[in-house]
Amino acid sequence: MIGDVRLLTLPFDAAEELGTFTQRLPQAGGIVSFLGQVRAGGPEGAEVEALELRHYDPLTLPAMTALAARVAGRWTLDGLLILHRSGTMGPGEPIVLVAAAARHRRDAFAAADFAMDHLKSESWFWKREKVAGAWRWIEPRDQDIEDLARWG
Amino acid sequence: MIGDVRLLTLPFDAAEELGTFTQRLPQAGGIVSFLGQVRAGGPEGAEVEALELRHYDPLTLPAMTALAARVAGRWTLDGLLILHRSGTMGPGEPIVLVAAAARHRRDAFAAADFAMDHLKSESWFWKREKVAGAWRWIEPRDQDIEDLARWG
Amino acid sequence: MAITLVFLGRLEDAAGSGSREVPAAASLGQAIGALDPDLADVLRGPRIRCAVNGTLVQGDVPLRNGDEVAFLPPVSGG
Amino acid sequence: MAITLVFLGRLEDAAGSGSREVPAAASLGQAIGALDPDLADVLRGPRIRCAVNGTLVQGDVPLRNGDEVAFLPPVSGG
């Protein structure tokens, strides 16, 4: 299996990364990807001007690598890509890209979905947003905990 | 919502199409995509040399458009992309690209998954494969029918 | 005075071509009945659907001159 | 003779900086106890986890000179 797990501190081109990943996997019938990006335009006009993710070097990438191993052990995959940004990002910039390549479509969907649920709720990132010129730290969302509970 | 549904008779660049779709959707927090491609290398050495999809003009694209409307009615999406090849393809060539963009990750995953299950089992394509120099028509798979049953 | 028959998927092999013109017939049943019996049997199979001028039909339906009748085996796409 | 404390996420605001050097302490509990009481209360919160030299720890643990102690509030990433 091709595994590619990276913690990035500079902007990345999600389409190019996914294209490169796909080219390495001609034997995979299906590739499911999730791209998370900084939303341009917020609810009730609360535009997020910037988003910052902080990580902790001794924990963050090792945990991402451990998650990838867990996903690869749970489904039959040809490839797994996990890219996550750290640092400050503006609206429309990619934050996270997960892609799972598999012979069978269901495996690819489930693996990407599982990886995202666990990245969102368990990985060592702390997020703050700049709205109307002021930074505020984001607390974990209950939804993320519920998403995680789906996997038993 | 941005809807983009196309039946293509020539090869397409999946990464480029997904990049273009994403650039049009800076307000979407998450974009889930599925890329189906002709597998290079088959089980037990039965390499597929070429795959051909036939469609029927009066039915195929209208049904794809109707499916897109159904998906857009069932989930809250910012954008939905459905591209499907017809014609003859070689190993590694893209067959189908579905992408769903949404504010919420779960909506994007479910919409892309649903669209693929229905494209696979209900859309008006007929497939044949060339193995060891001989073409043979592919019958529908039971798995596709089971996949469809998940949606009630 | 003719109608066009279109054979999709594996029906193309059974018919020997993807489409053919046949003399006008008053109904779908009559058009099928005028074909080679082996082919007619295949087209009457329980999993074969029909469309007339791009609209799915069920059972026997009247035909008019110039109609296009498509015979659709189970799909296997994507 | 010092240890390094690292404050992640919102704990950075509570501590006034992302990290600081403090005099060596025999245990995690002693290191926290030597801080400003308001900050110590925050760091003792039930949802705050600790890592010593990159390994998660639970409860009070001994510390050695040169250790890096990270205080980790609930994550909110991705």
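Tabulated data for the structure shown
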quantity: Long-range neighbours under 8 Å by Cβ, at least six apart or interchain, first residue among the hydrophobic types (A, V, I, L, M, F, W, C) within segment A:107-121, second at pLDDT below 95; calculated: A:108/A:28; A:114/A:151; A:116/B:105; A:116/D:78; A:119/D:77; A:119/D:78
quantity: Residue match in segment D:21-41 (condition: without any contact (Cβ under 8 Å) to a residue 12 or more places away in the chain, within 14 Å of chain A (Cβ to nearest Cβ) and surrounded by fewer than 19 Cβ atoms within 10 Å (Cβ to Cβ)); calculated: no
quantity: Residue match in segment C:20-31 (condition: aliphatic (A, V, I, L, M), part of a strand (DSSP E or B) and closer than 27 Å to residue B:145 by Cα); calculated: no
quantity: Of all residues making up segment C:1-13, the number that are surrounded by fewer than 18 Cβ atoms within 10 Å (Cβ to Cβ), out of contact with any Pro (no Cβ under 8 Å at 6 or more places or on another chain) and over 11 Å from residue C:69 (Cβ atoms); calculated: 1
quantity: Criterion violated by residue A:90 - all others in (1) more than 9 Å from every other protein chain (Cβ to nearest Cβ); (2) buried (at least 21 other Cβ atoms within 10 Å of the Cβ) satisfied; calculated: (2)
quantity: Among (1) in contact (Cβ under 8 Å) with a residue 12 or more places away in the chain; (2) under 23 Å from residue A:104 (Cα atoms); (3) of a type outside the set (Ser, Thr, Tyr), the one test that residue A:36 misses; calculated: (2)
quantity: Test: residue in segment B:42-62 that is more than 12 Å from chain C (Cβ to nearest Cβ), within 15 Å of residue B:94 (Cα to Cα) and in contact with a helix residue (DSSP H, G or I) (Cβ under 7 Å, 6 or more places away or on another chain); calculated: no
quantity: Count - residues of segment D:42-77 that are hydroxyl-bearing (Ser, Thr, Tyr), in a loop (DSSP other than H, G, I, E, B) and exposed (fewer than 12 other Cβ atoms within 10 Å of the Cβ); calculated: 0
quantity: Count - residues of segment A:59-79 that are farther than 21 Å from residue A:27 by Cα, crowded, with 17+ Cβ neighbours inside 10 Å and over 14 Å from the mean Cα position of the chain (by Cα); calculated: 1
quantity: Subset of segment D:60-69 [touching a Gly at 6+ places or on another chain (Cβ under 8 Å) and touching a residue at least 40 places away in the same chain (Cβ under 8 Å)]; calculated: D:68
quantity: Filter result for residue B:139 (acidic (Asp, Glu) and part of a strand (DSSP E or B)); calculated: no
quantity: Unmet requirement for residue B:28, which otherwise passes all of (1) in a loop (DSSP other than H, G, I, E, B); (2) buried (at least 23 other Cβ atoms within 10 Å of the Cβ); (3) within 13 Å of the chain's Cα centre (by Cα); calculated: (3)
quantity: Only one of A:141, A:128 that is charged (D, E, K, R), within 11 Å of chain D (Cβ to nearest Cβ) and touching a residue at least 12 places away in the same chain (Cβ under 8 Å); calculated: A:128
quantity: Condition met for residue A:82 (buried (at least 23 other Cβ atoms within 10 Å of the Cβ), within 13 Å of chain D (Cβ to nearest Cβ), touching a strand residue (DSSP E or B) at 6+ places or on another chain (Cβ under 8 Å) and not in a helix (DSSP H, G or I)); calculated: yes
quantity: Residues located in segment B:39-57, provided they are more than 17 Å from the chain's Cα centre (by Cα) and in contact (Cβ under 8 Å) with a residue 60 or more places away in the chain; calculated: B:42, B:46, B:47, B:48, B:49, B:50
quantity: Scan of segment D:6-20 for residues that are within 11 Å of the chain's Cα centre (by Cα) and either on the phi > 0 side of the Ramachandran plot or within 14 Å of chain A (Cβ to nearest Cβ) (or both), ordered by number; calculated: D:6, D:7, D:8, D:11, D:12, D:15, D:18, D:19
quantity: Cβ pairs under 9 Å, 6+ apart, first in segment D:1-13 and in a loop (DSSP other than H, G, I, E, B), second acidic (Asp, Glu); calculated: D:10/A:139
quantity: Selected residue (criterion: farthest from residue A:58 (Cα to Cα)) from residues of segment A:93-125 that are at the interface with chain D (Cβ under 10 Å from one of its Cβ atoms), of a type outside the set (Asp, Glu) and not in a strand (DSSP E or B); calculated: A:116
quantity: Which numbered condition residue D:57 misses (of (1) out of contact with any Asp or Glu (no Cβ under 9 Å at 6 or more places or on another chain); (2) in contact (Cβ under 8 Å) with a residue 40 or more places away in the chain; (3) closer than 25 Å to residue A:127 by Cβ; (4) more than 11 Å from chain A (Cβ to nearest Cβ)); calculated: (2)
quantity: Filtered residues of segment B:111-152 (kept if within 17 Å of residue B:70 (Cα to Cα), aliphatic (A, V, I, L, M) and surrounded by fewer than 20 Cβ atoms within 10 Å (Cβ to Cβ)); calculated: B:148, B:149
quantity: Failed condition for residue B:68, given (1) within 24 Å of residue A:115 (Cα to Cα); (2) part of a helix (DSSP H, G or I); (3) more than 11 Å from chain C (Cβ to nearest Cβ); calculated: (1)
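The values are calculated or read from the model by the stated rules, or taken from the named source; none is laboratory data. Predicted model only: the values in this text are computed from it and were never measured. No Cβ is skipped: glycine too gets one built from the backbone with ideal geometry, and neighbour counts run over all protein chains shown.
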